[in-house]
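This report concerns only the one structure given below.
What follows draws every value from the coordinates through simple rules; no lab data is involved. This is a predicted model, so every value here is computed, not measured. Note: ideal-geometry Cβ built from the backbone for every residue, glycine included; neighbour counts use all protein chains shown.
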Amino acid sequence: MKAPGKHAGGLLYVRRVNSLHAKPLDRTHGRGTIPGMTTLTLTTISGPELRAWLDERGTRYIWAAEKMGITPSHLTFVMRGERVLTVANAKKLAAACMVPDSTFFAPPRQ
């Protein structure tokens, strides 16, 4: 048998780490608020608004779905209003279309 971590006949042998000595995960990392800081909530445009924007530009739905990393059927659900356009997907589409991110964000509500 080869030494741990070495390839041997297409297999990779890896040494196990004793989980008793592993540090526990910090479940609150990246969550919560900082006192004195303002929270900003981003809201993306609605599905029908996205459909109108894509149609106005003549953008094919399959191309838009590929650029966002989602299936064409999921994009259809978004455009019907059955799913929500996520912030991450809005940013991906904005980068692919070379427009500002704000194109796909609704104006803040007062």
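Before moving on, here are some points about what is shown:
- Each residue in 50, 93 was given a count of other beta-carbon atoms within 10 angstrom of its own, and listing them fewest first yields 50, 93.
- A simple rule links phi to the HN-Hα coupling: the Karplus curve 6.51 cos²θ - 1.76 cosθ + 1.60 with θ = phi - 60°, which for segment 57-68 gives 8, x, 7, 6, 5, 4, 4, 4, 4, 4, 5, 8 Hz, with x for Gly and Pro.
- Length-normalised contact order for segment 47-104 - Cα pairs under 8 Å, 6+ apart - percent: 34 percent
- Annotation: amide H of residue 105 within the under-5 Å range of 45, sequence separation 5 or more or interchain, hydrogens built in the peptide plane.
- In order along segment 70-83, phi translates into HN-Hα couplings of 10, 7, x, 5, 5, 4, 4, 4, 5, 5, 7, x, 7, 10 Hz, rounded to whole numbers, per the Karplus curve 6.51 cos²θ - 1.76 cosθ + 1.60 with θ = phi - 60° and x for Gly and Pro.
- For peptides 51-57, 75-81, sequence by mean Cβ density within 10 Å, most packed first: 75-81, 51-57
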